[in-house]
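*Asks:* What follows is a structure written as structure tokens; I'll ask about it next.
The values are calculated or read from the model by the stated rules, or taken from the named source; none is laboratory data. Model, not experiment: these values are computed from the prediction. Positions of Cβ are backbone-derived with ideal geometry, glycine not excepted, and every protein chain shown enters the neighbour counts. Just the protein is used for accessible areas: all its heavy atoms, side chains included, with ligands, DNA and RNA removed. Shrake-Rupley method; radii C 1.70, N 1.55, O 1.52, S 1.80 Å.
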Amino acid sequence: MENFIIIPFTVGLIYLTLVLIYRFVKWVRGLSKLDKLRLVQSFKIRRMLRSLKEVFYEGLLHRKIFRKNPVLGYMHMSLAFGWFLLIVLGHIEVMAARRSLLVPFYLPVFFRYFETGTTFFASGIFSFLMDFFLLIVLSGVALAMLKRFKKQLFGMKKTTRLKTGDRMALTSLWLIFPLRLLAEGMSAELYGNGSFLTSSVGHIIGSFSSESTNLVLWTAYSCALGFFFAALPNSRYMHIPTEVLLIFVRNAGIRLKKRNNTYTDIQVFSCSRCGLCLDNCQMAAAGINHAQSVYILKNIRNNNLTDEQLFNCLLCGKCEVDCPVGINTIDLRITQRIESTLQYNSSYNYLEDLPARKASTIYFAGCMTHLTPGIIASMKTLFHMAGENVWFMDEEKAPCCGRPLMLAGQHDAASKLIVNNTRKILGSGAKTLVVSCPICYKVFREDYELGNVEVLFHAEYISRLIREQIILPGKTTTRIVYHDPCELGRGMGMFEPPREVLRATGKVIPVKNEKQMAHCCGGSLGNLKISQQERAVLRNQAVKDYQQYLPDVLATACPLCKKTFARHRGIEVMDIAEIVVSSIRKSAEVVPVKASVKEEAFAEELV
Ligand code: SF4
Ligand code: SF4
Ligand code: SF4
């Protein structure tokens, strides 16, 4: 009869299990044939162990959050890992007590209610450990409550807003463990089956001890559990089971597509709304506080994403670096932009099929570089010094690389440009394609199929010329702060080649916000909603930070960053190609450098 206390827990658990089975099956069935095959092929011991290890480190220990903020990491770990240990140890305890591997599913949860005093092998140790892990989980609950009211103590500037489903789940989650403590404390007082924590609590509430109070407390505990399980699928806590699936699917090599599919859902439901992606988003400095990734993910899930939010993002990638779950916030947003602009895709049928020119090297400057002629002039100089047979492919009448259209979600239109450009590049017979714009570089590397044509960013090309002593820049004491362009640094992982080039010309000063943590200049093509004033706020914020290091020059490797920073007027801004050419000119004027024959001839022309 007293078994009725397990009913709320059991009903909630059955509901949760059915919803999870339904969703997981739907998500996996919705993957493309190739992705399903990838998933099946990933069920090999080594890959499975890799995924399980990741589930352990990230899903239970929350290692990435720990590295960012130990207190926040402890909070997440104590709740997830502590509860996990209570479940595992609870099962082992019941198996030891019953001397059987098969035990009723509910017994580990309500063990101290049903087992009122039996002793068995190591029962004292089990009681101690169960109390200890309960204490750890309770410390996590206390920290979670504190975080809601005092987020600054956890090093966070912002936390996310809760919707009703989340509030219900959160309230029941916060109640589960205090109720468990009270229920186990009461049983410990009545039957003496507790340890240091539950027995102490039992003594404190001993004046209320009775069988009926005990029954009420255990029933309340069961209700809190059942309620949490029932609320979980429609709350942020759905991320707990979904993240496990995400890890397996991602490790199988499955990636986001240009259109929504069920992998999009898996990513969206994996967001824990931890809010870590809010802190470093520069848009807050410009007063934009509604379009950050966590809100985009939430609104995709709730089907109420607006274009205003979707297109109001610099696509700088900082949130992707900060996300402990590894959600592809940038690709996810671009996919939503593609979905949102399907009906607007332009035709581009007018593209002329201009003939390709035969050359061993192609230079594609890109629209932004055309707006910064100093970079083009420097690149021409360097090609000339290297004696390259270069075809300046987009010097006149050539289409864009396609990336800006992609950032705007115009995927079909971008594809037409890509096909047109690809035909020309392959038709030229070139072995190398050099670009001086990171936006172009990303699309040429990721979306073009150029066979054996080597795509080089100008930093790579220039550093190769320096290493091979084809050009000899003169090293000076000029203090250089290098700004990592978002698309090149976080977007393509290229941090070293530009620095290598700059080190050959001056003193590169390391700064706090660099590489993965570099600022966005504010000029991003990715944001179609931000105003010029808001862009200026972001630019000024970045410049102010760099100015602390007293640079003689702010270097960058992107025409758009250069153009954006140049508007500030309080700092000299140069592209790395311009810096190298200027340093060659200066050293040719001052020092008789040990130049190559080609370079000597060219230096004469310059002086
Ligand atoms: S996107 Fe990542 S960092 Fe942002 S709230 Fe979701 S899980 Fe946290
Ligand atoms: S990509 Fe950059 S601007 Fe956009 S939400 Fe993330 S951090 Fe903010
Ligand atoms: S990428 Fe490319 S096309 Fe193209 S701008 Fe740079 S910028 Fe324009």
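*Asks:* Any chance region 165-176 includes a residue that's without any contact (Cβ under 8 Å) to a residue 24 or more places away in the chain and not assigned by TED's automatic domain parsing to the domain that holds Gln292?
*Replies:* To start, the set of residues in region 165-176 that are without any contact (Cβ under 8 Å) to a residue 24 or more places away in the chain comprises 167, 171.
Adding the requirement that they be not assigned by TED's automatic domain parsing to the domain that holds Gln292 leaves 167, 171.
Within region 165-176, one or more residues are without any contact (Cβ under 8 Å) to a residue 24 or more places away in the chain and not assigned by TED's automatic domain parsing to the domain that holds Gln292.
Yes/no per residue for (1) among the polar types (S, T, N, Q); (2) part of a helix (DSSP H, G or I); (3) modelled with pLDDT of 95 or more; (4) closer than 19 Å to Pro551 by Cβ:
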| site | (1), (2), (3), (4) |
| --- | --- |
| Pro485 | no, no, yes, yes |
| Met494 | no, no, yes, no |
| Pro498 | no, yes, yes, yes |
| Leu502 | no, yes, yes, yes |
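*Asks:* Which pairs do you get when a residue that is open to solvent by 40 Å² or more (accessible area, probe 1.4 Å) and assigned to a helix (DSSP H, G or I), found in region 437-452, comes within reach of a residue that is within 16 Å of ligand 2 (Cβ to nearest atom) and of a type outside the set (Gly, Ala, Ser), reach meaning Cβ atoms under 9 angstrom, with the pair 6+ apart or on two chains?
*Replies:* Partner pairs satisfying both residue conditions: Arg445/Met492; Glu446/Met492.
*Asks:* I would also like to ask the following. Is region 124-147 home to any residue that is surrounded by fewer than 18 Cβ atoms within 10 Å (Cβ to Cβ) and not in a helix (DSSP H, G or I)?
*Replies:* Checking region 124-147: not a single residue is surrounded by fewer than 18 Cβ atoms within 10 Å (Cβ to Cβ) and not in a helix (DSSP H, G or I).
*Asks:* Please go through region 29-51 and give me each residue that is aliphatic (A, V, I, L, M) and touching a helix residue (DSSP H, G or I) at 6+ places or on another chain (Cβ under 7 Å), ordered by number. Lay out the reasoning, then the answer.
*Replies:* Step one: filter region 29-51 for residues aliphatic (A, V, I, L, M), giving 31, 34, 37, 39-40, 45, 48-49.
Matches in region 29-51: Leu31, Leu39.
*Asks:* Taking the stated definitions as given, is Val268 open to solvent by less than 20 Å² (accessible area, probe 1.4 Å), closer than 16 Å to Ser293 by Cβ and in contact (Cβ under 8 Å) with a residue 60 or more places away in the chain? Give the steps one after another, and end with the answer.
*Replies:* On the way: open to solvent by less than 20 Å² (accessible area, probe 1.4 Å): yes; closer than 16 Å to Ser293 by Cβ: yes; in contact (Cβ under 8 Å) with a residue 60 or more places away in the chain: yes.
It is true that Val268 is open to solvent by less than 20 Å² (accessible area, probe 1.4 Å), closer than 16 Å to Ser293 by Cβ and in contact (Cβ under 8 Å) with a residue 60 or more places away in the chain.
*Asks:* Which of (1) surrounded by fewer than 17 Cβ atoms within 10 Å (Cβ to Cβ); (2) within 16 Å of ligand 3 (Cβ to nearest atom) does Asn304 not meet, given it meets every other one?
*Replies:* Every listed condition holds for Asn304 apart from (2).
*Asks:* Shifting gears a bit: Evaluate the following for Leu153: is it in a helix (DSSP H, G or I), among the aliphatic types (A, V, I, L, M), outside the structural domain of Gly275 (by TED's automatic domain parsing) and surrounded by fewer than 18 Cβ atoms within 10 Å (Cβ to Cβ)? Quick ask: steps written out before the conclusion?
*Replies:* Numbers: in a helix (DSSP H, G or I): yes; among the aliphatic types (A, V, I, L, M): yes; outside the structural domain of Gly275 (by TED's automatic domain parsing): yes; surrounded by fewer than 18 Cβ atoms within 10 Å (Cβ to Cβ): yes.
Yes.
*Asks:* For Tyr295, work out the one condition from (1) of a type in the set (Ser, Thr, Tyr); (2) crowded, with 19+ Cβ neighbours inside 10 Å; (3) out of contact with any Leu (no Cβ under 8 Å at 6 or more places or on another chain) it doesn't fulfil.
*Replies:* For Tyr295, the exception is condition (2).
*Asks:* Based on this model, can you work out whether Ser293 counts as within 13 Å of ligand 1 (Cβ to nearest atom), polar (S, T, N, Q) and closer than 30 Å to Ala542 by Cβ? Give the steps one after another, and end with the answer.
*Replies:* On the way: within 13 Å of ligand 1 (Cβ to nearest atom): yes; polar (S, T, N, Q): yes; closer than 30 Å to Ala542 by Cβ: yes.
The answer is yes for Ser293.
*Asks:* Do we find that Thr564 is surrounded by 22 or more Cβ atoms within 10 Å (Cβ to Cβ), within 16 Å of ligand 2 (Cβ to nearest atom) and of a type in the set (S, T, N, Q) in this structure?
*Replies:* Numbers: surrounded by 22 or more Cβ atoms within 10 Å (Cβ to Cβ): yes; within 16 Å of ligand 2 (Cβ to nearest atom): yes; of a type in the set (S, T, N, Q): yes.
The answer is yes for Thr564.
*Asks:* Identify all residues within region 177-214 that are over 21 Å from Ala142 (Cβ atoms), touching a residue at least 60 places away in the same chain (Cβ under 8 Å), open to solvent by 50 Å² or more (accessible area, probe 1.4 Å) and assigned to a helix (DSSP H, G or I); write none if there are none.
*Replies:* Those that are over 21 Å from Ala142 (Cβ atoms), touching a residue at least 60 places away in the same chain (Cβ under 8 Å), open to solvent by 50 Å² or more (accessible area, probe 1.4 Å) and assigned to a helix (DSSP H, G or I): Leu190, Tyr191.
*Asks:* Here is a follow-up. Scan region 374-390 and tell me whether some residue there is touching a strand residue (DSSP E or B) at 6+ places or on another chain (Cβ under 7 Å) and either modelled with pLDDT under 95 or in a loop (DSSP other than H, G, I, E, B) (or both).
*Replies:* yes
*Asks:* A follow-up question, please. Please go through region 460-475 and pick out each residue that is assigned to a loop (DSSP other than H, G, I, E, B) and either open to solvent by less than 80 Å² (accessible area, probe 1.4 Å) or closer than 11 Å to Phe383 by Cα (or both). Walk me through it before giving the result.
*Replies:* Narrowing region 460-475 to residues assigned to a loop (DSSP other than H, G, I, E, B): 468-475.
If the condition is that a residue be assigned to a loop (DSSP other than H, G, I, E, B) and either open to solvent by less than 80 Å² (accessible area, probe 1.4 Å) or closer than 11 Å to Phe383 by Cα (or both), then Ile470, Ile471, Leu472, Pro473, Gly474 are the ones that fit.
*Asks:* How many of the residues in region 285-297 are more than 8 Å from ligand 2 (Cβ to nearest atom) and small (Gly, Ala, Ser)?
*Replies:* Adding up the residues that qualify gives 3.
*Asks:* Among the residues of region 411-431, write down those that are open to solvent by 20 Å² or more (accessible area, probe 1.4 Å) and not in a helix (DSSP H, G or I).
*Replies:* Gly429, Lys431, listed by residue number.
*Asks:* Does Val511 fit the bill of being away from ligand 2 (no atom under 13 Å from the Cβ), in contact (Cβ under 8 Å) with a residue 40 or more places away in the chain and more than 30 Å from Asp307 (Cβ to Cβ)? Steps first, please.
*Replies:* Numbers: away from ligand 2 (no atom under 13 Å from the Cβ): yes; in contact (Cβ under 8 Å) with a residue 40 or more places away in the chain: no; more than 30 Å from Asp307 (Cβ to Cβ): yes.
In short, no.
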